[in-house]
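Asker: Sharing a structure here in structure tokens format.
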Amino acid sequence: MRDYYYILGLTINASKDQIKKAYRKLSLKFHPDQNNGDKFFEERFREINEAYETLSNDFKRKVYDEALINKTSDESKKTNYTNYQNSQNVQYKNKQESKSTPTPPPTAGPKANQKKNKALRNIGLTVVGLIIFYILITMIKDSNDTSILSKNQDSTQTSTNPISTVDKKEIELKERELALKEKDTNNLKPVPEVSYKSYTPCTFRISLPSNFNLQSIYDDNSPNYCDYSVKTKDGFEILQLHSLLSSRFAFGTIKELYDAAIKGSYLEITYKLQKGNWFVISGTQKKNGNIVYWKRVLGFNFVSDLWIEYPKSRETEITPYIKTISNSFTSQ
């Protein structure tokens, strides 16, 4: 089973605030959009989300802690049994060697010597039988304990791949490389605690932070074409939403739209991904250096665009919102 406390860099006695702070810091650090879609960071980001989802829920955390403690206890039992078995094997080997050691000739005659040897053989056979019997009983008990623990783990977890399958040295190297590239995180603003509100203007759906304002630029009250703008409280336009009939485009598939967007892009592209009926391209504007995040969705009848653009000076303010906004954006 995965050690969620290890993933978040915490101990089992960590408080809710410590869990939340660790999650915020690591989710920002390993977010795929911040690391050019690197598969390693995607896997780490998934593990961080999985750990936080379990440990932030009181019930799930209680079940997980019990399973983790039982697993640790079970491994301790197996270690004790192995040590005991090794000690018994050593004792048995010593007894066998002592039996094979020649003894001085008896002084009481052949019959007395035969009786003594027979008694020793009986004792040795009795000891061996007891050892075998103890081993069998212990194995049966351990097998029952393991099957019960396995059932409990199956009912409380959807994944049982241990974190140890990831090479720890590779993690350390990746984290060192990231530390050299990333900015001083001590100056980053914390992820704001805001609620999100859902909108269904024109032909698309989207969730926006409650402190953002959605305004119509153009909407002819028909599904042919529409334009919307989203601004922050201080009036800064953070993103635009566009929708157009798919029949207006020369390309009919999302792959064709993606290839055309890459070919005609005027961005310094740092990340790109095409999946299902959508694609994402992000980078910086060649003309002014602004950061751009563009998501295009091919719906049943429409092509809808989410265009986020902001200067680097507002990067730490806006970046925490992008994932939630992007994931909520869909088209009819």
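The values are calculated or read from the model by the stated rules, or taken from the named source; none is laboratory data. Only a predicted model underlies this, so the values are computations on that prediction, with no experimental measurement involved. Cβ placement follows ideal geometry from the backbone for every residue including glycine, while neighbour counts extend to all protein chains displayed.
Asker: Go through (1) within 22 Å of P209 (Cα to Cα); (2) of a type outside the set (G, A, S); (3) in a loop (DSSP other than H, G, I, E, B) and name the single condition F300 misses.
Answerer: Status for F300: all satisfied but (1).
Asker: From the list T284, T316, T324, which residue is in a strand (DSSP E or B) and either surrounded by fewer than 20 Cβ atoms within 10 Å (Cβ to Cβ) or touching a strand residue (DSSP E or B) at 6+ places or on another chain (Cβ under 7 Å) (or both)?
Answerer: T284
Asker: List pairs: first residue in segment 29-46 and touching a residue at least 40 places away in the same chain (Cβ under 8 Å), second residue among the polar types (S, T, N, Q) and assigned to a helix (DSSP H, G or I) anywhere in the structure, Cβ distance under 6 angstrom, at least six positions apart or on different chains.
Answerer: Filtered contacts from segment 29-46: no entries.
Asker: Can you confirm whether segment 38-54 contains a residue that is hydrophobic (A, V, I, L, M, F, W, C), in contact with a Leu (Cβ under 8 Å, 6 or more places away or on another chain) and either over 18 Å from P320 (Cα atoms) or in the same structural domain as G283 (by TED's automatic domain parsing) (or both)?
Answerer: yes
Asker: To continue, here is another question. So for segment 224-235 (the condition being assigned to a loop (DSSP other than H, G, I, E, B), surrounded by 16 or more Cβ atoms within 10 Å (Cβ to Cβ) and of a type in the set (V, I, T)), does at least one residue qualify?
Answerer: Step one: list which residues in segment 224-235 are assigned to a loop (DSSP other than H, G, I, E, B), which gives 224, 232-235.
From what is left, the residues that are surrounded by 16 or more Cβ atoms within 10 Å (Cβ to Cβ) are 232.
From what is left, the residues that are of a type in the set (V, I, T) are 232.
Yes, segment 224-235 has at least one match.
Asker: Continuing with the same structure: For Q157, which of the numbered conditions (1) at pLDDT 60 or above; (2) surrounded by 12 or more Cβ atoms within 10 Å (Cβ to Cβ); (3) under 21 Å from the mean Cα position of the chain (by Cα) fails to hold?
Answerer: Looking at each condition in turn, Q157 falls short on (1).
Asker: Would you check if Y23 is modelled with pLDDT of 60 or more, aromatic (F, W, Y) and either under 30 Å from I281 (Cα atoms) or in a loop (DSSP other than H, G, I, E, B) (or both)?
Answerer: In short, yes.
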